[in-house]
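Chemist: Below is the structure I would like to discuss, written out as structure tokens.
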Amino acid sequence: MTESHLKPLIESFCTNVQSQERMVRQRALKDMLELVHKDLSPEQAPSLFDETYLHILRCYADRFEMVRNLAITLVSELLQKLPPNDFYLSYIIPVVTRRLGQPETIEDSEEIRLQLLEQLEEIVRKYADPEGTRGDPLLKSYDNLVDILAKTLRDPFPAAQKQSCELVQLLAQSTPSMHYRAEALVGPASTALKHRHSANRIAAIDALGQLALHIHSNSDCAMRIIVDMSPLLMDSVPFVRRACGRVGCMMLVKLRDRLTDETPEVRDDILARWKEAGELYYAENETELAKTKLIDKPAPNYPAGEYERPSLACRAIVQRSLAIVNLILHEMEEWKEDIRLHATKLLKLVVLHAERAFSTLFMETNPVLAKTCMDSVREVAVEALRVARLCGILLEYDTWSKHALVEFRKFHTLGHLRCLRAMYESSGWDRLKDLSKIAGLLTDSEICHQKREDYQTALLDFCEILTVDFNRVFVSNEIEGLANEKDRIKTENQLYTTLLKVATISSEDSIPIRDRALEILTTLNPQPELLHNAHLAGVLATLDNLEAANSDDAESIMLLAGIVFVCGFRPAYHRELCSTLTIALRHAIPQGQIKLFSSISIAMLRWSDSMVGVPGEEQLQLVRAFIEELIAPYLVWAAGRSAESIRAMATACLCSMSQGVDRLTFNAVLPSQINALVGLIEDNGISTRAYALRTLLAMGPLGVEHLKPLAYAIMARLDDPSGEVRELAATCLGRLQLAADGGDEAARWDDVLRQIVPTMFLHLENPELKLRKAILASLEQLLVHHRALIKGLANEVAAGCPYKKDLDEILAHQ
């Protein structure tokens, strides 16, 4: 197009674009846009700009959005044909700054704001001079550009914010003057890191990475970028994590003064760049690192099968960057599960790289790591345990153990227990010198009295490791110079105490826990009864508050009941156990007493097994003392439902004793309890009456003064409301036997039988088959010693009596 044709078109445009009518202005801009796009040559562009820029740029503030849009588009078209002269920027950039860079939002259209940012991108690309060879044309507009970006990086329109982040990256790569005000953009860019759109977060990460490379004097600002970006290493979107890893590696390589992931592609990408960073660092510090390399050896128990040891240079980089650990620890306590998980994984990498250098941070790391070891999310807790095991391997034992043991004395949480166990298990043989110290810590009542199953499981895991170490030191003597008898007894006692208390406090609530504790006890000694004999008296002495009004859920009652259940009664500790039970029964409330009697009744069933090899006379003394001290006081009648329940359980203990104690021994002590049993047979409680009668099933021959009251009491129970009691009573009648035949006692006993046997005959009319069968069996037993008496009474029965046939059959068999 010739100049003669162009001039009138420019004049017409300048007139129309100032019109008060929107359509006239809009048409003028469209026509000029078409002219510039199709017909304008680059040589004509400068003159056209000179004559029209005032009118076009004024339209940037037009109240109609379409007019503003056309004006911006027209300027962009002109820029493509204008030469790269910063003269034009001095007109365009200030106008854009007035629209976008003010404290208040001037441009209210989201689309126009985005369009203006896209125009700035075109400008930056056109005038880019990264090396400054052309005088850095963007320098004069640099302040305006920073002002614009400081505002638009916080733009609520996601597309505009993302475009701003990309513009920061482009500007940083396009001018050598970026360092002048790079710090001013760090805060605004950091706000985009929390944007809900992952694309915005990625753009912000990349922008901050570029800004970090251009901050020359303020290391705190660079550290802020690292701190703000680090949480995104745990982002749920793999691409965000990858961007974070890439920027981190770029900063390691390029930052002045000079991360693993679950997604394979992300991990491989970061790892390759990380190795490049290590190689560069080694090249820059070869003199120093070459000396270190001569003495650089992995830990003796380094987990080579699980981890590949990082290169010396990569480890050196991390060891110089341990300030990041405080941020990681903060993120490990975040409420979001994925953040806690990725932070814990990152800490594992730091420990893997830092190795012994991490010792300086163990004190602040241990509380957070211990808390994470009991995280409610299993995957997080498992990862934390991996970190703890690495600490045990890579840190010197004396360094971490001193603090960890002090910390564990103060805090007995599940996390501290798991963390200490993991570190102890993975550490070297140096740990054995603290075997007794650690075993002693576990005997604390705050630890071994815990009732939570997860805590008990962790405690047993620890005890199992300690027991294996105990056998190495004191049994197989694998480690020379550590074994002596005093330490062996002390450590054995400590481990026994912890294991027994775990087993006993959970004996009823968790059978697997109890069984596992007892199984570990057999590892400590294949004959657990020897451990009981040696150490149980000491354990009983540690039980507190026995003189309090304890219920069944009190620790002391649970432990004592569990001890009775697990250990039973043995001569070595019988006196101590009975004394402890006496005190506990005297002061406990009914629920506690019932729990103890329940355990005693079970243990009494195993009396003969636990008393193997004990002479009969000694057993007799033990049983007699046991009944008189522990059982007899609670067989006496007292009013109330609680007293009735206690009486029933005490009778149950006596019943168990009749089954578990040697028959001769039991019959020797039975006469002293006959009066009590007579009362119990007539007790209001059905269970009490039943237990009392079951006890008498084991009775042997007695004197008539004992038989007579028993016989009448038992006979009366043939009419008991309970079918079970009636059957037991009928069976017990057959057990009644006089100690010596002949003489006055025999005659007196025959007189008693003359009253009892007819009553038994009458009850043969009872429709209950079980009762009739029990009576007939008892009559057969009585016939052995009293045939003439029973035959005479049977002959007196009328021939038409329904049970006459049954009696004749019994007499015929005999």
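Chemist: Testing Val75 on (1) surrounded by 21 or more Cβ atoms within 10 Å (Cβ to Cβ); (2) in a loop (DSSP other than H, G, I, E, B); (3) of a type in the set (Val, Ile, Thr), one condition comes back false. Which one is that?
Modeler: (2)
Chemist: Which of (1) open to solvent by 10 Å² or more (accessible area, probe 1.4 Å); (2) of a type in the set (A, V, I, L, M, F, W, C); (3) in a loop (DSSP other than H, G, I, E, B) does Ala747 not meet, given it meets every other one?
Modeler: Among (1) open to solvent by 10 Å² or more (accessible area, probe 1.4 Å); (2) of a type in the set (A, V, I, L, M, F, W, C); (3) in a loop (DSSP other than H, G, I, E, B), Ala747 violates only (3).
Chemist: Still on this structure: Going through the stretch 220-247 one residue at a time, which ones are under 19 Å from Gln169 (Cα atoms) and of a type in the set (Gly, Ala, Ser)?
Modeler: Once the filter is applied, which keeps residues that are under 19 Å from Gln169 (Cα atoms) and of a type in the set (Gly, Ala, Ser), the stretch 220-247 yields Ala222, Ala243, Gly245.
Chemist: Which is under 26 Å from Val612 (Cα atoms), open to solvent by 30 Å² or more (accessible area, probe 1.4 Å), acidic (Asp, Glu) and more than 30 Å from the chain's Cα centre (by Cα), of Glu529, Glu547?
Modeler: Selected residue: Glu529, the only one of Glu529, Glu547 that is under 26 Å from Val612 (Cα atoms), open to solvent by 30 Å² or more (accessible area, probe 1.4 Å), acidic (Asp, Glu) and more than 30 Å from the chain's Cα centre (by Cα).
Chemist: Check whether at least one residue in the stretch 696-707 is in contact with a Leu (Cβ under 7 Å, 6 or more places away or on another chain) and in a loop (DSSP other than H, G, I, E, B), and report yes or no.
Modeler: yes
Chemist: For the stretch 411-428, which positions are buried (at least 20 other Cβ atoms within 10 Å of the Cβ) and not in a helix (DSSP H, G or I)?
Modeler: Once the filter is applied, which keeps residues that are buried (at least 20 other Cβ atoms within 10 Å of the Cβ) and not in a helix (DSSP H, G or I), the stretch 411-428 yields only Ser427.
Chemist: Going through Leu441, Leu459 one at a time, which residue ends up being surrounded by fewer than 23 Cβ atoms within 10 Å (Cβ to Cβ) and within 24 Å of Leu524 (Cβ to Cβ)? Please lay out each step first, then the result.
Modeler: Values: Leu459 fails: surrounded by fewer than 23 Cβ atoms within 10 Å (Cβ to Cβ).
None of the others qualify; the one that does is Leu441.
Chemist: Next up: Pull out all pairs, ordered by first then second residue, where Cβ-Cβ is under 6 Å, the residues are six or more apart or on different chains, the first lies in the stretch 47-61 and is assigned to a helix (DSSP H, G or I), and the second is open to solvent by 40 Å² or more (accessible area, probe 1.4 Å).
Modeler: From residues that are assigned to a helix (DSSP H, G or I), the pairs are Tyr53/Tyr91.
Chemist: If you scan the stretch 11-39, which residues turn out to be loosely packed, with under 13 Cβ neighbours inside 10 Å and within 17 Å of Arg68 (Cβ to Cβ)?
Modeler: Matches in the stretch 11-39: Gln20, Glu21, Met23.
Chemist: I would also like to ask the following. Suppose we filter the stretch 79-94 for residues that are surrounded by 21 or more Cβ atoms within 10 Å (Cβ to Cβ) and at pLDDT 90 or above; how many remain?
Modeler: 2
Chemist: Oh, and also: Here's a check for you: in the stretch 196-211, which residue that is among the charged types (D, E, K, R) and outside any loop (DSSP other than H, G, I, E, B) is surrounded by the fewest Cβ atoms within 10 Å (Cβ to Cβ)?
Modeler: Asp206
Chemist: Among Ala503, Ala458, which is more than 30 Å from Glu355 (Cα to Cα) and not β-branched (Val, Ile, Thr)? Reasoning before the result, please.
Modeler: Numbers: Ala458 fails: more than 30 Å from Glu355 (Cα to Cα).
Criteria check complete, one pass: Ala503.
Chemist: Scan (1) surrounded by 13 or more Cβ atoms within 10 Å (Cβ to Cβ); (2) over 27 Å from Leu654 (Cα atoms); (3) of a type in the set (Lys, Arg) for the single condition Arg717 breaks and write down its number.
Modeler: Tallying (1) surrounded by 13 or more Cβ atoms within 10 Å (Cβ to Cβ); (2) over 27 Å from Leu654 (Cα atoms); (3) of a type in the set (Lys, Arg), Arg717 fails exactly one: (2).
The values are calculated or read from the model by the stated rules, or taken from the named source; none is laboratory data. From a predicted model like this one, the values you see are computed outputs, not experimental measurements. All Cβ positions, glycine included, derive from the backbone under ideal geometry; neighbour counts span all protein chains shown. All accessible areas refer to the heavy atoms of the entire protein, side chains included, with ligands and DNA or RNA removed. Shrake-Rupley method; radii C 1.70, N 1.55, O 1.52, S 1.80 Å.
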